[in-house]
1. Exactly one of (1) closer than 20 Å to B:Pro364 by Cβ; (2) modelled with pLDDT of 85 or more is unmet by B:Gly318. Its number?
2. Any residue in segment B:75-83 that is outside any helix (DSSP H, G or I), out of contact with any helix residue (DSSP H, G or I) (no Cβ under 8 Å at 6 or more places or on another chain) and either within 30 Å of B:Lys20 (Cβ to Cβ) or within 16 Å of ligand 1 (Cβ to nearest atom) (or both)?
3. Need at least 1 residues that are more than 11 Å from chain B (Cβ to nearest Cβ) per element, so show me which helices (runs of 4 or more DSSP H) inside segment A:191-266 make the cut, counting only ones lying wholly within it.
4. Of the residues B:Val326, B:Val256, B:Val284, B:Val276, which single one is part of a strand (DSSP E or B) and over 27 Å from the mean Cα position of the chain (by Cα)?
5. What do you reckon, is B:Ala185 modelled with pLDDT under 90 and either more than 16 Å from ligand 2 (Cβ to nearest atom) or of a type in the set (Asp, Glu) (or both)?
6. Kindly provide the set of residues from segment B:37-57 that are assigned to a helix (DSSP H, G or I) and either touching a His at 6+ places or on another chain (Cβ under 8 Å) or within 10 Å of ligand 1 (Cβ to nearest atom) (or both), ordered by number.
7. Suppose the filter is of a type outside the set (A, V, I, L, M, F, W, C), under 30 Å from B:Asp355 (Cβ atoms), touching a residue at least 12 places away in the same chain (Cβ under 8 Å) and buried (at least 18 other Cβ atoms within 10 Å of the Cβ); does B:Tyr189 pass it?
8. Going by the conditions given, is B:Thr44 in the same structural domain as B:Lys11 (by TED's automatic domain parsing), within 23 Å of the chain's Cα centre (by Cα) and within 19 Å of B:Leu176 (Cβ to Cβ)?
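The values are calculated or read from the model by the stated rules, or taken from the named source; none is laboratory data. Note that the coordinates shown come from a computational prediction; the quantities given were computed from them, not determined experimentally. A quick note on method: Cβ atoms are made from the backbone with ideal geometry, for glycine too, and the neighbour counts reach across all protein chains shown.
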Amino acid sequence: MAEMTSTSYQRTMSTRGFYRKHKLVIMPFVFIAPAFAMFAIFVIYPIIQSVALSFTEWQGIGPKRWVGLDNYRELWGDRVFWTSLVNNIYWLVLFLLAPVFGLFVALFLNQTVFGIRLVKSLFFFPFVVSQIVVGLVFAWFYDPAFGLLATILEPLGISFPPILADENLATFGIIVAGLWPQTAYCMILYLTGLNSVNPEMIEAARLDGAKGWRLLVKIVLPQLRAATFIALVVTVIGALRSFDLVAIMTEGGPYNSSNVLAYYMYDNAIFRYRMGYASAIATVLFAIMNVYIIWFLLRLWANEKGAR
Amino acid sequence: MADVVLRDVRKSFGSADVIKGVDLEARHGEFVVFVGPSGCGKSTLLRMICGLEKITSGQLLISDENMSEVEASDRGTAMVFQSYALYPHMTVRDNMSFGLRMAKTPQTVVEERVRRAAEILQITHLLDRKPKDMSGGQRQRVAIGRAIVREPKVFLFDEPLSNLDAELRVQMRVELSKLHNEIGATMIYVTHDQVEAMTMADKIVVLRDGLVEQIGSPLDLYTSPDNRFVAGFIGSPQMNFLKGQIVEVAQGAARVSVPDAPDHLLGIPLRADVSVAAGQQVTVGIRPEHFLGTPGGPGLEVSIDVVENLGGIAYAYGRTVASQDVILKAESETPPQSGMSVTASIKDEYCHLFDGNGQTLSMPAGALRTREAAA
Ligand SMILES: Nc1ncnc2c1ncn2[C@@H]1O[C@H](COP(=O)(O)OP(=O)(O)O)[C@@H](O)[C@H]1O
Ligand SMILES: [Mg+2]
C-alpha cells in the first residue's frame, strides 16, 4: 500500500518534471491546438474531401462512382472551362489596377483640406456596401434603355452595345464593377500606410530635391511596401474567387462568355448536380491560388527571418 | 556680408498669426541660435528659411538673393530634423548621397563628399547599415552628414539633440561646435534649451509668441536682458524676481525698497533713456549667483526649504519674509542647511529693474563691465 502510493507519487512528480522541463516547447502547441482543430475541421478536411470528390461521379445524393481522371479529361476538352479560365486571367490582370488606382486615390485623399473627411467617406462607401448591391447598381448603370451610362452618352450621340448582353464586353463590364469596391479596399490599406509615413522624412526629401514622380517612387512607395504587399494579395485572391458579381450581373452569360471558374463550379454543382465535375473545377482553382499563397507564405517567411 | 536676412517676416496659418514680424540677420559663418518656449514659432521660422513653409509677408534674403520664388532644394540650405527623418529603406551611404544624386552630381564627386563627411563625423564604418540598425546618436550623425554632403551655405538645425539622452547631448553639443569651427558655414540652430543656446551661440535670438524679444551675444543677454522675459528665460536656475517700489531717483540711480528686505534700500543704476518716478511699482531681478554669502548685514532674510548640493556649488531654495520664493547659489563647502534661516546680502549694482510692462530700467554692473571691455 505504502509502496504503491510512493510510486504513483513519483510518477506524478516525474510527469510534472517533464512538463516543467519542456514547458516552453509544449505551451505553444497547447495554445495553437484549438485554432488548429477548427482549421483542420473546416478548411483542411473539406479540401481533402473536395479533391477526393473530383475523382468521382456524384449527383449530391445516391452512390458515388469512382471515375479516376475522367472529370479532368472532360475539363480539358470543355470550351466553357477554358473560357472561364481565360476570364479569370482577365480578372487577375485587370484587378491589379485596383492597387494602382487605390494608391492614387489615397495620395489624393491624404491631404488636409477643408471637407476632405466628407470626400473620404464617399470613397469609402463602395467598400461598405455588399457586392450584391454593387452588382445591382452597375447592372442598372449599364442598362441600355434607362441606365445612367445611356442617359449620359446618348445625348452626346455616342451609341454603345448593351454591355452585359455583349459576349465580348460582359466580362469587362463586370470587372469594372468589381474594381470599384476593390479600389476602395486598396485605398484604405494605402491610407493607413501613408498615415505612418514620417512627414519630416517627406520634407527632408523635398529639401533633397525629390519632387513629384521621383519623390513617389524613391521615397514614398518604399515606405508603403507592407501596404502594397497586402493590397496585392487581397486583390489577387479577390480576382480568383470572383463570384458574386458574376452571379448577380450575368450568371455567366451570354453563352457562358462571362463565366469564371468559381461560378462555373457553382453552376455545375447546384444546377446540374455534377458534384464530381464541380470538385474538379474547384481543385484546379485551388491549385492556381496555391501559386500565390505559396509566394505569400515565402515572403512572410523571409520577412520573419529578416526581422530576427 | 550677411548670409541670411529676414525683413519684417510674418506667417499666418489661416487666421492664426504665428510669426508677427521678425527682423534679423545672420552673418556669414555665424552660429545663430533661436531660443524660446515651446510653440513660440521657432520651427516655423526655420521652415520658412529653408522653404518648407511659404512666407505670408516680408522678405527673406540668402546671400543677398531674394528667396521668395526659389525652390526649397535650390536655396543652398540644408536642414537637420529633430526626428532625424532618415530614409529607412536606404543605407547610410544612400541616405547621405540622395540629395546629390537627385541633383545629378557626378558619381565621383558624390563618393568623395560622402567619404569626407563620414570621416568628419566618424561614421565610415556605418556606411552600409540601415538606419534601424543604429543608435540614436549614430542616426543623428547620419542626419548631419546628409546636410554636410550638400555643402550648403546655411545649415539649419531644428532641436537636433532633444531626442538624445543627457550624456550624448552634451557630447554632440561639443561636436557640433567643433563642426562649426571646422566647416565655417552659417548655422541656424533651434532649441528650447537655454544651456544649448548659451554654450553654442555666437548670437542668440530670443523669441516669444512670434516676436523677437532680444537679439545678442549669450553674455549680452545674460548681463543686460532687455526685458523681464529674457531675464527669466536666460540663466539657470532662473533669476529671482521681487516686488519693489521706487523711493527716489538721483544721479542716474534709483533707490528701491523691497518688502522682502525691509531693512535695506537698493541702489540700482538706471539706463540713460528711461523715465522713472518715485512711487512707481517695479520688479527687481537678482540672479541666484549675485547674492553675497556674508552672514548678517542688510539683505534678504530667507528661510531655506531645500538645498541641492551639486558638489562645488549648491542651490538653496527658500522663502523670504514676504513669502516670495527665491533661489540662492552658494559655495558648497559651507552650504546652508534646510530649515536654516540665512541673510543673503544683495549686490545692489548687479540687480535688474523692470517696469510694470517688463521693460528693463536698470544698467547692471555686469553690463557696464562687458560694455567697457568691448570698447
Ligand atoms: N501647419 C500649421 N498649421 C497651423 N498652425 C501651426 C502649423 N504649424 C505650426 N503651427 C502653430 O504655430 C505655432 C508655432 O509652432 P512652432 O513653430 O512649431 O513652435 P516651436 O517650434 O517654437 O515650438 C504653434 O502654436 C503651432 O500650433
Ligand atoms: Mg519646434
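1. With respect to (1) closer than 20 Å to B:Pro364 by Cβ; (2) modelled with pLDDT of 85 or more, B:Gly318 is out only on (1).
2. Among the residues of segment B:75-83, at least one is outside any helix (DSSP H, G or I), out of contact with any helix residue (DSSP H, G or I) (no Cβ under 8 Å at 6 or more places or on another chain) and either within 30 Å of B:Lys20 (Cβ to Cβ) or within 16 Å of ligand 1 (Cβ to nearest atom) (or both), which makes the answer yes.
3. A:212-215, A:225-240, A:244-249, A:261-266
4. Selected residue: B:Val256, the only one of B:Val326, B:Val256, B:Val284, B:Val276 that is part of a strand (DSSP E or B) and over 27 Å from the mean Cα position of the chain (by Cα).
5. No: the conditions fail for B:Ala185.
6. Matches in segment B:37-57: B:Lys42, B:Ser43, B:Thr44, B:Leu45, B:Leu46, B:Arg47, B:Met48.
7. Working: of a type outside the set (A, V, I, L, M, F, W, C): yes; under 30 Å from B:Asp355 (Cβ atoms): no; touching a residue at least 12 places away in the same chain (Cβ under 8 Å): yes; buried (at least 18 other Cβ atoms within 10 Å of the Cβ): yes.
Here the answer is no, as B:Tyr189 does not meet what is asked.
8. So B:Thr44 fails the test.
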